[in-house]
Amino acid sequence: MVRTSFLTAFLGTALLAQAIPPRPEAIAFKPLAFSVPRAGSFKTRLANGIPVYYAEDPVGVSFVRIKVMVKGGSYLDPAGKEGLATLMGSQLRDGGTQKVSASDLDERLEFLAGNITSDFGATSGTVSMTILEKDLKEGLDLFMQVLTQPAFAQERLDRAKDGFRQMMASRNDAVGTIAQAELARLLYGPSHFLSVQPTTDSLASLSREDLAACHARLLHPKNLVVSVSGRLKRKDMLELLQKTLGRIPAGPAAQASPAVPVPAHRPRPGIYVVDKDVPQSLVQFALPGLRRTDPDWHAAVVLNQVLGGSGFTCRLMKKIRSDEGLTYGIGTQFTDGAFWTGLWKGSFQTKNLSVPFALRLLLAEVERIKSEPVPAEELASIKAAIIEAFPSEWGKKPVVVDTLAKEQVQGWPEDWWVDFRDRIQAVTAGDVQRVARQYLDPSRLTILVVGKAVDAEAGDAKDHPGLLKDVAPLPLTRLPLRDPLTLKPLP
């Protein structure tokens, strides 16, 4: 009885303090107080020059998290050795160390409730560890062995190559993997590293010695950037890092990784079709964009959110999904162009016969945003969504130091994000219209359709007549499927 009376009194007081508004949009919120974390508050350098971003988190969980980011990846794979960096990245951890066998390393980390992972992509890789604070000394020893003394055990390597081969054999099973590879060839040219994929021949040529040589080349202090978070005092953690990561030398085979190569290929605008007998086609499209450091970037961000980047509130989703029911979803984005000018690109799936109609709707929305200023209410809503969602991207300390370290790896100006929200707020309807006219030029489009070609090209003759070739004044070209293991065109 006493408890019920207390609860009633408490709720009554709370309701009196804040009257319930008649509608959700009438709820008043306090202004959002947020400042972007500054890199200088987290950054230091070890004795060998490796940058470290450390976030001391005294109220966090009792885990220490260390991530070493490495500049270098498949763009450095020698011709005929495609897949080398990817395979080296996976076997750095899975293949054990020169002191601890692969199986013993698995068992020890499981006993410690810790985790060490390694992975390499096109331009960079990571070696990460999460370990209980009380086990940090042993965990750091194992981590340093993985990072600096990998064994690349032959048995594990053979197993990984078998898995790699099975993955390659399934390349043509999904329209997504077909489209990803073909769009890269169209945009960057067949010889660019983003277009070149491993084959059975290149995989067979990879040896344990190749992996060791790749590792030795990349293990250079100039290639490493570290992010760390945990409850330890900054001074204590940095002392540990100085005694470990700070003593990594540049070995005799180590090299500072060269700049990521800019593609020399100039895309040929057009509509490209890959024939794949599936119920729904995957449509991907791309235009030349800009880099994040371009003065138009913030207006381009707003433009994209209005058109196709904000989920169910964006125009393309409303028109093509909600109004016409042609797709489950459509999305677009401006890529930030870390190493060269980025893209405006997007994708959706729809019935094969609906492809031409859906593309006509898409292009009509592109023309509308170029010809009509975005209404004030829509513009304000989109900008508010960007500004208010932004702090959540910096919500946790591990995320903060990871973001700052990644910015360093990719060479962006330090503290670039500090005035992001102010610049978004300053974007006008005129800015959006101007960048739309500058960057959304359909005559430069590359459109790729992966689906049942005869249906996608014919379109829906009954309800929405129109051929795919007439969607835009662009040449239409059939592209062959490729053998998934050799990547040679299939007849």
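The values are calculated or read from the model by the stated rules, or taken from the named source; none is laboratory data. These numbers come from a predicted model, not from an experiment. Reconstructed Cβ throughout: ideal geometry from the backbone, glycine too, with neighbour counts over all protein chains shown. All accessible areas refer to the heavy atoms of the entire protein, side chains included, with ligands and DNA or RNA removed. Shrake-Rupley method; radii C 1.70, N 1.55, O 1.52, S 1.80 Å.
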Requested in this report: Take segment 278-413, drop everything but the C-alpha atoms, weight them equally and run the Debye formula without solvent; then report log10 I(q)/I(0) at 0.10 Å⁻¹ to two decimals.
Outcome: -0.40
Report task. Whenever you get a sec, compute what percent of the accessible area on segment 200-294 sits on carbon and sulfur atoms (1.4 Å probe). Result -> 54 percent
Query - Extension gain (nm, one decimal) between Val278 and Glu414, 0.36 nm per residue minus Cα-Cα - result: 44.3 nm
Query raised in the report: Given the C-alpha centroids of segment 417-489 and segment 218-257, what is the distance between them in whole angstrom?
Result: 44 Å
Query - Most to least accessible of Lys452, Lys383, Lys67, Lys462 (protein chains only, probe 1.4 Å) - result: Lys462, Lys452, Lys67, Lys383
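Rounded to the nearest 20 Debye, what is the dipole magnitude of the chain about its Cα centre when Lys and Arg each give +1 and Asp and Glu each give -1 at the C-beta? Let's see the in-between values first.
Values: 59 positive and 53 negative charges, 140 e Å.
Approximately 680 debye in magnitude.
Please give the FRET efficiency for Ser62 paired with Ser101, using the beta carbon to beta carbon distance and R0 = 35 Å, rounded to the nearest 0.05. Show your work: numbers first, answer last.
On the way: r = 29 Å, r/R0 = 0.82.
The calculated FRET efficiency here is 0.75.
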Report summary line: When the charge dipole of the chain is computed with +1 at the Cβ of Lys and Arg and -1 at the Cβ of Asp and Glu, the Cα pointing farthest to the positive end, of Leu186, Leu32, Pro288, is that of Leu32
Report task. Only bridges with both residues in the chain count here: give the DSSP antiparallel percent, nearest 5. Result -> 75 percent
Query raised in the report: Measuring from a point 7 Å past the Cα of Ala364 along Cα-to-C-beta, which residues in segment 298-323 have an amide N at less than 11 Å?
Result: 319-320
Query - Global form of segment 237-293, assessed from the alpha-carbon gyration tensor, a/c cut-off 1.5 - result: prolate
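Could you compute the FRET efficiency for Lys318 and Ala174, with r as their C-beta to C-beta distance and R0 at 25 Å, rounded to 0.05?
Numbers: r = 28 Å, r/R0 = 1.12.
Efficiency computed from Cβ-Cβ geometry: 0.35.
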Report summary line: In segment 42-137 the accessible area split gives carbon plus sulfur, as whole percent at 1.4 Å, a share of 51 percent
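Quick one: grab the alpha carbon gyration tensor of segment 274-333, order the square roots of its eigenvalues as a ≥ b ≥ c, and give me rounded if a/c is under 1.5, else prolate or oblate depending on whether a/b is larger than b/c. Spell out each step's value before the answer.
Working: a/c = 4.23, a/b = 1.55, b/c = 2.73.
Oblate.
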Query - Furthest towards positive pole of dipole, Thr199, Ala212, Ser229, structure part segment 138-230, Cβ charges - result: Thr199
Report task. Just the number, please: carbon plus sulfur as a percent of the accessible area of segment 353-449, 1.4 Å probe, no ligands or DNA/RNA counted. Result -> 52 percent
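Compute the FRET efficiency between Leu490 and Lys235 as 1/(1 + (r/R0)^6), taking r as their Cβ-Cβ distance and R0 = 45 Å, and round to the nearest 0.05.
Values: r = 62 Å, r/R0 = 1.37.
Approximately 0.15, to the nearest 0.05.
Taking 0.36 nm per residue of separation and subtracting the Cα-Cα distance, what length does fully extending Ala122 through His464 add? Don't jump to the answer; show the numbers that get you there.
Working: separation 342, 0.36 × 342 = 123.12 nm, distance 4.18 nm.
Gain in length upon complete extension: 118.9 nm.
If the viscosity is 0.692 mPa s and the temperature 37 °C, what Stokes-Einstein diffusion coefficient in µm²/s follows for segment 135-184 when Rh is the Kirkwood radius over Cα pairs?
Values: Rh = 14.0 Å.
Once the numbers are plugged in, D ends up at 234 µm²/s.
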**Report entry** Overall dimensions of the chain as given by Cα atoms, namely Rg and Dmax in Å
**Finding:** 26.3, 83
Query raised in the report: Which of Leu361, Gly60, Val274 sits closest to the plus end of the dipole of the chain, meaning its Cα is farthest towards the positive end, when Lys and Arg get +1 and Asp and Glu get -1 on the C-beta?
Result: Gly60
Query raised in the report: Roughly how many nanometres apart are two label points built 7 Å out from the Cα toward the Cβ at Thr44 and Glu377?
Result: 5.5 nm
Query raised in the report: Which of the aspartates and glutamates could a cross-linker span from Lys235 if the Cα-Cα distance has to be under 12 Å and same-chain partners fewer than 8 positions apart are dropped?
Result: Glu56
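For the chain, what does the helix formula give at 222 nm: sum of -39500 (n - 2.57) over DSSP H segments with n ≥ 4, over the residue count, nearest 500 deg cm²/dmol?
Numbers: 16 runs with 183 residues, N = 491.
So the calculated ellipticity at 222 nm is -11500 deg cm²/dmol.
Cα-Cα over 24 Å: which of Lys43/Lys243; Lys43/Lys396; Lys71/Lys137; Lys161/Lys276? Kindly include the intermediate steps, with their values, before the conclusion.
Values: Lys43/Lys243 18 Å; Lys43/Lys396 17 Å; Lys71/Lys137 26 Å; Lys161/Lys276 28 Å.
Among Lys43/Lys243; Lys43/Lys396; Lys71/Lys137; Lys161/Lys276, the Cα-Cα distance tops 24 Å for Lys71/Lys137; Lys161/Lys276.
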**Report entry** Spacing of the two label points (7 Å from each Cα toward its C-beta) at Arg434 and Phe390, in nm
**Finding:** 1.9 nm
Report task. Starting from the Cα-Cα distance between Asp141 and Leu481, subtract it from 0.36 nm times their residue separation and give me the gain in nm to one decimal. Result -> 117.6 nm
Query raised in the report: Along the Cα-to-Cβ line of Asp201, 7 Å from the Cα, sits a label point; which residues in segment 465-491 have backbone N less than 11 Å from it?
Result: 486-488
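What's the ranking of 349-362, 288-301 by average number of surrounding C-beta atoms within 10 Å, highest first? Don't skip to the end; give the middle numbers.
Details: 349-362: 23.0, 288-301: 19.4.
Put in order of decreasing packing, that is 349-362, 288-301.
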Query raised in the report: Using +1 on the beta carbon of Lys and Arg, -1 on that of Asp and Glu, and nothing else charged, what's the dipole of segment 258-316 about the Cα centre, debye to 20?
Result: 120 debye
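Under the Kirkwood approximation for Rh and a Cα-based Rg, what ratio Rg/Rh is obtained for segment 370-491? Write out the running numbers ahead of the final one.
Numbers: Rg = 22.1 Å, Rh = 19.7 Å.
Rg divided by Rh gives 1.12.
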